[in-house]
1. What does the C-alpha gyration tensor say about the overall shape of segment 153-257? Classify as rounded when a/c is under 1.5, otherwise prolate if a/b is larger than b/c, or oblate.
2. Within 10 Å of each residue's Cβ, count the other Cβ atoms and sort LEU48, LEU225 from fewest upward.
3. Let me make sure I get this right: for segment 282-430, a, b and c are the square roots of the gyration tensor eigenvalues over alpha carbons, sorted descending. Under 1.5 in a/c it's rounded, otherwise prolate if a/b > b/c, else oblate. Which is it?
4. Scan segment 140-233 for trypsin sites (Lys or Arg not before Pro) in coil per DSSP, keeping those whose Cβ has at most 12 other Cβ atoms within 10 Å, and list them by number.
5. Once you order the gyration tensor axes a ≥ b ≥ c over the Cα atoms, which shape class does segment 238-328 get: rounded for a/c under 1.5, otherwise prolate or oblate by comparing a/b with b/c?
6. Which of the chymotrypsin sites (Phe, Trp or Tyr not before Pro) found in segment 91-174 are loop residues per DSSP with 13 or fewer other Cβ atoms within 10 Å of their Cβ?
7. What is the sum of charges around ARG277, taking Lys and Arg as +1, Asp and Glu as -1, for the other residues whose C-beta is under 13 Å from the C-beta of ARG277?
8. Give me the net charge of MET371's neighbourhood, meaning all other residues with Cβ under 14 Å from the Cβ of MET371; Lys, Arg count +1, Asp, Glu -1.
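Bear in mind these aren't lab numbers, they're just calculated from the coordinates by the rules spelled out. The model shown is predicted, which means the values in this text are computed figures rather than measured ones. All Cβ positions, even for glycine, are placed from backbone atoms using ideal geometry, and neighbour counts span all protein chains on display.
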Amino acid sequence: MTENADQTPPAAAPSEAPKTPPPAPGLPLARALPYVLASVMLGLTQGLGQGFISANMPQIAGDLGITTAQASWLMAAYMIPRASLTILLIKLRTQYGLRRFAEIGIVAYVLVALASVWVDDLRSAVVLQFLSGVAAAPLSTLAFLYILEPLAQQWKLRLGLPVALVLLTSGASLARIVSPLLIGDGGLTGIHLTTLGLSMICLMLVYLLPLTATPHAKVIQRTDLLSFGLIAFGLGGLVTGFILGPIHWWTDLGWLGLLLAASLAALTAAVVIELHREAPLIDIRWLLSPAMLHLAFTLFLFRLLLSEQSSGAPGMFQALGLANAQLTGLFTVICLATLFGALACIAWMTPGREPAYHAVALALIALGAFMDSGSTLQTRPEQMMVSQALIAFASMLFMAPAMMKGLIAALSKGPNYLLSFVIVFLVTQSAGGILGSGLFRTVINARQAFHLQVLREDLTSADPITTRTIAANMQQLAPQISDSAQLKAQAVAQLASTASQQATVMAYNDAYFLTGLVALLSLCALGLHLFRDWLAARIGRPEPLPQTS
C-alpha cells in the first residue's frame, strides 16, 4: 500500500493532495481518540513483546526443553537489534517516507509473531527473537508519533511525552500481570496468540490512520552504513555480555572478555569515523558537550537505579519460590504508581522544573530502596507494595522531565540534532537498562556467594543452634521418612537449602541498600550542582548602585 502523502507534490499542483489528509495538530476529541488508541496499542504491543520473554523465562525454557541459562540467549537475541536499530530507522524514515516506514515495520512484526506460534527448538527461537527485536524497533517510535499527532503544540511535550513513556515502560509489569492468565494449562500458546492478535490490531490501525507526511530527503550515505555496523556490533556485544555475564559468570566464558573488548574497539572506531565526517550519522562533538554529557550520565544513572525494580523484587521472589501468579498484585500497584507519576508530570511539568522533579525522584528511590533492604525469608509481595510504588512513581518524575529537557535542547539546535538526542536516549535506556540489570545481578551473585560462605562456616555440627535446627527438621520429616540415615540427610539438605535462600535474601538486601546509597549520593550531588549554579549567578549579578538624593 502506497500513501500519496508520502510523496512530495509539485508546488504548482495543490489539487494532488491526498483525498484523506492526516489530521492536523489540535484535533477535536472525537478525531483525536483513534490516534491515542493507536499509540496505546503500539506502546503496549512493544512493551508486552519484551516483557513476555523476561517474565516467563522458566516456562519458555521448559517449553523448548532447555535450561534457564540457555533461554537467556532469547533475551540477548531480542535486545541486540533494539539497542541500535532505531539509529538507522530514523534515516530510513526520512529518505523513504513515514508511511512506508510504518507499514513495513508493523507487517514484519505480524509475520514474526505468526511464526513464533510454531517454534519448538532453541535455534529457531533465537532467530525469531532476533527478528522480533528488529521488527519491534519501529513500534516505540510509532507510539511516540501517534500520541503526538493529534495534540496541539503546547501539549505535545507536557501531555504526549508522559503518556508515551508510561506505555513504553509499563510493558514488563503488565506482562507479569497477564502472563498467569494467558499461560493457564495451555503452555505458551496463549502468549504467542496474544502477541499475534495485538500486532494485527496495530497493523489495522497503522493502515487506517495515516500520520502527517514529512518531506523526503536523501540522507543515507555509504559511510553511514559503516558507522552503523560498528555501532550495532559494539552495542550488541555489550548487551550480550551483560545479559550472559551474570548468568554464566564473567570468568567462566572465555570468549566473553574478547567480545566486550571487540565491542569497545568497534564503538571507538565508530567515534573516530564520525569525528572526521562532514555530515556524520551522529554529531559526536555535540554529544560530548558538557550539557549533553550531563544529560547522558543522568539518564544512565537513572536506569542503574531503576534496576532495583526490574531485577530486584522479581528475582528475589523467584528465588523464594513464588510464581508469577503470586506477584500480580505487586505489579498492578507498580503500573498504577507509574500512571500516577505521569499524571503528576502532566499537571506540573514545565521547562525549568527538572531539578525539583529529579530531587523528589531521587529521594523517593532512596526511601523505597532502604525500605526493601530489610527483607527476610518471610517477606512477601504485600510487604513491598509501598516501596515499589514509590520507585515506580519516581520513575516518571525522573524520566519525563529529563527527556523533555533533552528534546528542547536538541530542537533548539535544529531538527538534525534530534537524531543525536534519540541516540543518547535509546542507548541510555535500552542498552543502559541491560547494563544496569547486569551489574545489579553481578552484585547479588557476588554477595550471595560471600554470605553463603559465612553461613556455612557457622553451620557446624558443634554449633548448638545447628544441632537443634537439624533435630527440628528431622522431627517434621519423620512421618514421611522411616530410615534414620536418610531422615538425617534430608534434614541437613533442608537446612542447607534454607541457608542458601537466606544468603540470597541477604545479597538482595545489600543490593537494595547500595541502590539507596547511590540515590542519596546523587541527591547530594544534585544539591551541590544547584548551589553552584545559584552561587555563580549571584556572583555574576552586579550589585545595585546606591541611590543618591
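1. oblate
2. Ordered from fewest to most neighbouring Cβ atoms within 10 Å, LEU48, LEU225 come out as LEU225, LEU48.
3. Here segment 282-430 falls in the prolate category.
4. LYS218
5. Because a/c hits 1.5 or more and a/b fails to exceed b/c, segment 238-328 counts as oblate.
6. When the chymotrypsin sites (Phe, Trp or Tyr not before Pro) of segment 91-174 are filtered for loop state and at most 13 Cβ neighbours within 10 Å, TRP118 remain.
7. -2
8. With Lys, Arg at +1 and Asp, Glu at -1, the neighbours total -3.
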